[in-house]
Amino acid sequence: MLTIVKHFYPITYLLFCFFQLQVEAQNSPDLICINLHDEWEFRPAKQGVWSPAEVPGSVHSDLLKNELIRDPFSHMNEKEVQWIEEEDWLYQSVFNCADEIAAKQNIVLHFKGLDTYADVYLNEQLILQADNMFRSWNIDVKKILKSGENHLKIHFHSPMKMARPRRDALNYSLPAGNDAQEEKLSVFTRKAPFQFGWDWGPRLVTAGIWRPIELTAWDKAGIKDCLLLTSELNEDRARIKAKIELKKTGVEKVQLRIRDTENGNVLLNKQFSSIENNQLEANFIIDKPKLWWCNGLGSPHLYKLNVELLTAKGEQIDAKLCKLGIRNIELVQEADSIGTSFYFKLNGIPVFMKGANYIPSDNLLDRVNKERYQMLVEAARDANMNMLRVWGGGIYEEDLFYDLCDENGILVWQDFMFACSMYPGDKAFLENVRAEVQDNIIRLRQHPCIALWCGNNEMDVAWHNWGWQSTHRYSKADSTEIWNNYQTLFHQIIPYELLRLDPLRPYVSTSPLSNWGTMENFNHGSMHYWGVWHGNDHFEGYEKYVGRFMSEYGFQSFPSHNTIKKFSSTSDRRLDSPVMKHRQKSYKGNGLIYEFMDELLPRPEKFTDFLYFSQLTQAEGLKKAFNSHRAKKPHCMGTLYWQLNDCWPAISWSGIDYYGNWKALHHYAKRAFQPLVVLPYESDGKFKVKINSDLNYAVEPELLIQLFDFKGRELFHTVRPIRVDSLSNEEFYEIEVKSWLSEHSPQSTFATVSLYQNERVLASSDYHFLPYKDQDLGPGNFKTEISNQGGYFLLSLSCKELVRGLQLESAQDGHFDDNFFDLKPGRARIVKFTPKEPVDIVTFKNGLSTRSVNQVMRELDRE
C-alpha cells in the first residue's frame with residue numbers, strides 16, 4: 001500500500017521491485033511499426049510559404065534552420081523571437097501506406113509528444129485535439145488510412161492565445177513561477193514551465209512535434225507494456241510476477257515465453273487459454289539474483305531478457321528485448337532523536353545521496369541528442385554522484401536519459417512537472433493532468449534508477465511562506481479554493497494513480513518538506529536552503545544550516561571565456577554591456593558574486609579574471625556545503641546541489657555549462673563526493689579531522705597529517721594506524737591551532753591530511769588557514785610536459801612553489817579529467833585531456849592556456 005507523505009509524518013517506505021526497461025521490439029511477422037519523420041513542412045497558419053521541417057523538432061528550430069530567425073542563443077536575439085509564441089503554426093506531411101499495412105485489422109497512430117495545443121487531421125478528417133505537451137496519444141485510424149498516399153496535417157495553436165481565456169475565467173490571478181511575462185499564463189497550459197523563462201534561462205515558448213510519430217499495424221496481438229514486480233527476494237532467488245499488457249488482440253490462446261539472453265535459459269514458458277482485459281500474468285524465478293547497485297556501491301547489473309508472445313502453436317506474434325534491474329529501495333521518514341529522518345536505503349544499506357538537480361539541457365529540446373545525454377550522465381557518474389533530481393519545472397525526460405541512469409548506477413528523484421506556482425482546479429484541467437500522470441508513470445516505472453516520485457517543486461513551501469496571499473490579494477474563499485485544488489492534485493489524484501500503477505515506489509507530495517526560515521526545520525525532512533543567495537547568509541551558512549536531506553542549494557558563476565565567446569562579440573565582453581546584462585537573469589546577479597568573491601579573492605580588473613574568480617568563488621562556497629553535509633551524517637543523508645547543467649550558454653548555478661565544459665564546481669564535486677574523504681576543519685580554536693566513508697566495507701589505513709610551507713618544506717608530520725568502519729563518519733584527530741602554528745605563519749602554511757594503505761593514497765585533502773587574498777603566494781611558476789597518447793594527451797605538471805587554483809584551458813573542444821586544483825611543490829600532477837576531434841600535439845600545445853590565483857594576484861600587484 002502507498003502511504004501519502006505529509007509534513008514530518010513518520011513512515012518508512014519499503015520497496016522490493018524488479019524493473020524492466022523496454023529497449024526495442026524484435027522482428028515480428030504480425031506487427032509493423034514505422035516512424036513518420038520524413039517529408040514534413042511548416043508555415044505560419046495565417047499565411048506564408050511552406051518550408052522544410054524536421055520531426056521531431058520545434059518551430060524555433062525549424063525557423064532557425066531555414067534562416068528565418070537569428071540564433072536566439074546569440075547576443076540578445078532572444079528578444080527578437082518573442083513573436084513566435086503568439087502565432088499559430090501548420091505542419092504537414094504526405095506519406096504512402098503500403099497495401100500490407102492498410103490490410104491489417106488494427107492500425108494506430110501514436111503521437112509520443114505534441115507541443116502543445118494541436119488539431120490533427122488525417123486525410124482532412126479531425127482525429128485528435130491535443131492539449132498537453134507531456135501526454136502521448138494513440139488514435140485508431142483503421143477507417144481513415146488509405147492504401148497509397150495519405151495527408152497528415154497538424155495545426156498548432158498559440159499557447160498564449162489558448163491560455164488567456166482560461167485565465168480570464170478565474171476571478172483571481174495565480175502565482176506562476178518565474179514566468180517572465182506579466183500575464184503569467186504558464187500555469188494554464190500543460191507545457192514545460194522553464195520555456196516561459198527562469199532565472200537561469202531564456203523565454204522560448206515553443207510549439208511543434210517534439211517527440212516521434214509512429215504508425216503501428218497488426219492483426220493478432222502485440223505487447224503494449226511489460227511490468228515485472230518482485231514478490232520475494234533473498235540471496236538465493238527472486239520471485240518475479242510478470243504483468244504483460246497486450247495491444248488489442250485478435251487471438252484467444254497465446255503463449256508467453258521469457259528467456260535470459262545471456263545464458264539462453266528459459267525463465268518462463270506458459271500457455272494462456274484465454275485473455276482477460278488484454279492482460280497476461282505469470283510468475284517466474286531467477287536463482288542467485290545479481291542486484292542493481294548505485295554508483296559507488298557496486299555494479300548496476302541489468303538482466304537482458306527477451307519477452308516473446310507466441311500463438312498456441314509456438315508461432316511468434318511479437319517480442320521485446322528488455323533490460324531488468326533487481327534492487328530494493330526504501331525511503332525512511334520516521335521520528336528520531338533529532339526530528340524526522342529523510343534517507344534512502346538501497347538493498348538494505350543506508351546510502352548518503354550525492355548529486356545535483358537536473359534541468360532540460362536545451363531550450364530547444366530536439367537538439368538534445370544521445371551524445372549530450374551520455375556526456376551529462378557520465379559526468380555525473382565520473383564526479384562520484386549517485387543521484388540526480390529531475391526538477392519539476394522541466395520535462396519528463398526522454399527514455400534514453402533513464403536508460404543511461406540505469407546503466408551508470410545513477411538514482412533518479414523524479415518530480416512531476418509542477419514548479420513554484422499554483423494551478424487551476426477545474427475538472428478539465430485535473431483530468432488532463434490525471435492522463436499525463438498515468439502516461440508518465442507507465443512509461444517510467446520500469447526503470448530501476450527511479451528512486452522516488454515527488455509531486456512538485458516548492459509549491460507547498462511557497463504557499464505557506466512566500467506571501468502569495470497578500471501579493472495576489474486573495475479573499476479567504478479564494479485562498480481556500482486554491483489550496484483545496486492543490487490538495488486534490490498532490491494528495492489525491494497523483495497518489496491515487498501511483499497506488500494503482502506503481503504502488504511500491506515511494507512518493508512525497510512536494511520538495512522541500514521543510515522551509516529554511518527557522519532553525520528547527522533543519523531537523524525535519526527534505527530542505528531547500530537558499531539562505532546563501534536569496535537570503536543574507538554568507539558561505540558559513542552552509543556549515544551552520546544543514547537539513548536532513550539537502551535537495552536544493554547553490555551559488556552562481558559565469559561560464560568560461562571560450563563559452564562566452566560563442567554568444568558574444570568582443571565589445572560585449574564586459575560586465576556592464578547590454579549583452580552581459582541580458583544574460584544575467586537573476587535579480588541579485590553580479591553584485592552578489594562580487595560580494596562573495598571579495599571575501600575570498602582580490603578584486604579582479606580583467607573580465608577574464610572575473611570569469612575565473614567567479615567559478616572559484618562558487619566552487620569554494622559549495623565545497624563548504626559538500627563537506628558540512630557529509631560531516632553531519634547521519635543527521636544529513638543527502639546533498640543535491642542546484643544545478644548540474646544549463647539549457648543555454650548562461651550565467652547560472654550550474655557545474656557544467658551548456659557546451660559540456662566542467663566548471664570549477666564540478667571538479668570540486670568530484671573530489672568532495674569520493675566514497676572515502678578526509679574532512680579537515682577548524683572549530684573552537686582546534687584543527688580537527690573527520691573521516692567520512694560511503695564504502696560498504698571497512699578499511700584500515702594509516703592517517704598522515706602534515707604541515708607544509710608554500711615551498712614544499714615539511715614543518716610537521718604525524719602518522720597513526722586507524723580503522724574506518726563502513727558507512728561511518730568519525731573524528732580521528734585534533735590539535736590546538738595556536739600552538740600548532742606558533743612558529744609558522746598562516747599566510748604561507750597549509751596542512752595536508754591523507755589516508756595511506758599499502759603505499760597507496762586512499763584519500764587526501766589540503767586545508768588552508770586563510771583565504772586566497774590573505775596568503776603570501778609566489779609568482780606561480782610551473783613546468784608542463786605533454787605527451788600524445790593516441791586519442792588523448794597527458795600533461796605532467798610540476799612546480800617548486802605552491803600554485804593555487806590552477807585552471808587549464810584548451811582552444812580545442814574537449815575535456816580535462818582534472819582542473820582547478822592546487823599544484824604542490826615536489827608532487828607532479830598528471831592530467832588527461834581528451835579532445836572531441838583529433839588534433840596534433842603542436843596544435844594542442846599552442847592552444848593550451850593556464851591561469852592561477854598566483855598569476856592574477858601578481859598582475860594586480862604590478863598594476
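Here Gln855 fulfils each of the conditions (1) open to solvent by 20 Å² or more (accessible area, probe 1.4 Å); (2) under 24 Å from Lys623 (Cβ atoms); (3) assigned to a strand (DSSP E or B); (4) among the polar types (S, T, N, Q) apart from (3).
The condition (being within 30 Å of Asp774 (Cβ to Cβ), open to solvent by less than 20 Å² (accessible area, probe 1.4 Å) and in contact (Cβ under 8 Å) with a residue 60 or more places away in the chain) is satisfied by just one residue among Ser614, Ser551, Ser628: Ser628.
Scanning the range 525-543 for residues that are open to solvent by 40 Å² or more (accessible area, probe 1.4 Å) and touching a residue at least 24 places away in the same chain (Cβ under 8 Å) turns up His534, His538, Glu540, Glu543. On inspection, Phe567 qualifies as closer than 29 Å to Leu808 by Cα, at pLDDT 95 or above, part of a loop (DSSP other than H, G, I, E, B) and touching a Pro at 6+ places or on another chain (Cβ under 9 Å). Scanning the range 106-152 for residues that are closer than 29 Å to Phe194 by Cβ, in a strand (DSSP E or B) and of a type outside the set (A, V, I, L, M, F, W, C) yields a total of 8. Only one of the numbered conditions (1) open to solvent by 80 Å² or more (accessible area, probe 1.4 Å); (2) within 29 Å of Arg713 (Cα to Cα) is violated by Thr850, and that is (1). Candidates in the range 532-552 are the residues that are assigned to a strand (DSSP E or B) and among the hydrophobic types (A, V, I, L, M, F, W, C); of these, the one that is nearest to the chain's Cα centre (by Cα) is Met550. Here Glu67 passes the criteria (1) touching a residue at least 24 places away in the same chain (Cβ under 8 Å); (2) under 30 Å from Lys565 (Cβ atoms); (3) among the acidic types (Asp, Glu) except the one numbered (1).
Looking only at the range 741-756, which residues are outside any loop (DSSP other than H, G, I, E, B) and either at pLDDT below 95 or among the aliphatic types (A, V, I, L, M) (or both)? Matches in the range 741-756: Ala751, Val753, Leu755. Summed over the range 73-82, residues that are without any contact (Cβ under 8 Å) to a residue 12 or more places away in the chain and open to solvent by less than 50 Å² (accessible area, probe 1.4 Å) total 1.
For the range 83-94, taking the residues that are in contact (Cβ under 8 Å) with a residue 60 or more places away in the chain and among the hydrophobic types (A, V, I, L, M, F, W, C), the one that is surrounded by the most Cβ atoms within 10 Å (Cβ to Cβ) is identified as Trp89. Among the residues of the range 676-734, the ones that are in contact with a helix residue (DSSP H, G or I) (Cβ under 8 Å, 6 or more places away or on another chain), surrounded by fewer than 15 Cβ atoms within 10 Å (Cβ to Cβ) and not in a strand (DSSP E or B) come to 1 in all. Of the residues Ala221, Ala217, Ala192, the single one that is in contact (Cβ under 8 Å) with a residue 24 or more places away in the chain and either among the aromatic types (Phe, Trp, Tyr) or out of contact with any Gly (no Cβ under 7 Å at 6 or more places or on another chain) (or both) is Ala217.
Only one of the numbered conditions (1) surrounded by fewer than 23 Cβ atoms within 10 Å (Cβ to Cβ); (2) closer than 19 Å to Tyr486 by Cα is violated by Asn440, and that is (2). Selection over the range 199-223 of residues that are open to solvent by less than 10 Å² (accessible area, probe 1.4 Å), assigned to a strand (DSSP E or B) and either of a type in the set (A, V, I, L, M) or modelled with pLDDT under 95 (or both) gives a count of 5. Restricting Lys581, Lys633, Lys670 to those that are of a type in the set (D, E, K, R), modelled with pLDDT of 95 or more and part of a loop (DSSP other than H, G, I, E, B) reduces the list to Lys633. Taking the range 369-388 as the range and being touching a Phe, Trp or Tyr at 6+ places or on another chain (Cβ under 7 Å), of a type outside the set (A, V, I, L, M) and within 15 Å of Asn295 (Cα to Cα) as the test, only Asn384 passes. Which one is farthest from Asp219 (Cα to Cα) among residues in the range 35-72 that are surrounded by 15 or more Cβ atoms within 10 Å (Cβ to Cβ) and among the β-branched types (Val, Ile, Thr)? The extreme case among them is Ile69. Taking strands (runs of 3 or more DSSP E) as the structural unit, those lying wholly within the range 288-353 and holding at least 2 residues that are touching a strand residue (DSSP E or B) at 6+ places or on another chain (Cβ under 6 Å) and open to solvent by 30 Å² or more (accessible area, probe 1.4 Å) correspond to 316-333, 343-346. Residues that are more than 26 Å from Asn295 (Cβ to Cβ) and not in a loop (DSSP other than H, G, I, E, B) were ranked within the range 401-427; the one that is nearest to the chain's Cα centre (by Cα) is Ala419. Considering the range 479-520, and only residues there that are in a loop (DSSP other than H, G, I, E, B) and free of Cβ contacts under 8 Å to residues at least 40 places away in the same chain, the residue that is surrounded by the most Cβ atoms within 10 Å (Cβ to Cβ) turns out to be Trp516. Annotation: Met375 fulfils all but one of (1) open to solvent by less than 10 Å² (accessible area, probe 1.4 Å); (2) over 18 Å from Pro506 (Cα atoms); the unmet one is (1). Out of the range 456-478, which residues are assigned to a helix (DSSP H, G or I) and either on the phi > 0 side of the Ramachandran plot or surrounded by fewer than 16 Cβ atoms within 10 Å (Cβ to Cβ) (or both)? Answer for the range 456-478, where residues must be assigned to a helix (DSSP H, G or I) and either on the phi > 0 side of the Ramachandran plot or surrounded by fewer than 16 Cβ atoms within 10 Å (Cβ to Cβ) (or both): His464, Asn465, Ser470, Thr471, Lys476, Ala477. Scan the range 119-129 and give yes if some residue there is more than 30 Å from Phe188 (Cβ to Cβ) and either out of contact with any helix residue (DSSP H, G or I) (no Cβ under 9 Å at 6 or more places or on another chain) or open to solvent by 10 Å² or more (accessible area, probe 1.4 Å) (or both), otherwise no. Checked the range 119-129: at least one residue is more than 30 Å from Phe188 (Cβ to Cβ) and either out of contact with any helix residue (DSSP H, G or I) (no Cβ under 9 Å at 6 or more places or on another chain) or open to solvent by 10 Å² or more (accessible area, probe 1.4 Å) (or both).
Checking every residue in the range 826-843 against the condition of being buried (at least 18 other Cβ atoms within 10 Å of the Cβ) and touching a Cys at 6+ places or on another chain (Cβ under 9 Å) gives zero matches. Please determine whether any residue of the range 318-326 is among the acidic types (Asp, Glu) and out of contact with any Gly (no Cβ under 8 Å at 6 or more places or on another chain). So far as the range 318-326 goes, no, none of its residues is among the acidic types (Asp, Glu) and out of contact with any Gly (no Cβ under 8 Å at 6 or more places or on another chain).
The listed residues are Val546, Val579, and the only one of them that is more than 30 Å from Asp694 (Cβ to Cβ) and touching a His at 6+ places or on another chain (Cβ under 7 Å) turns out to be Val579. With respect to (1) open to solvent by less than 20 Å² (accessible area, probe 1.4 Å); (2) at pLDDT 95 or above, the lone exception for Ala650 is condition (2).
The values are calculated or read from the model by the stated rules, or taken from the named source; none is laboratory data. Quick caveat, the model's predicted, so the values are computed rather than measured. Backbone-built Cβ (ideal geometry, glycine too); neighbour counts: all protein chains shown. Just the protein is used for accessible areas: all its heavy atoms, side chains included, with ligands, DNA and RNA removed. Shrake-Rupley method; radii C 1.70, N 1.55, O 1.52, S 1.80 Å.
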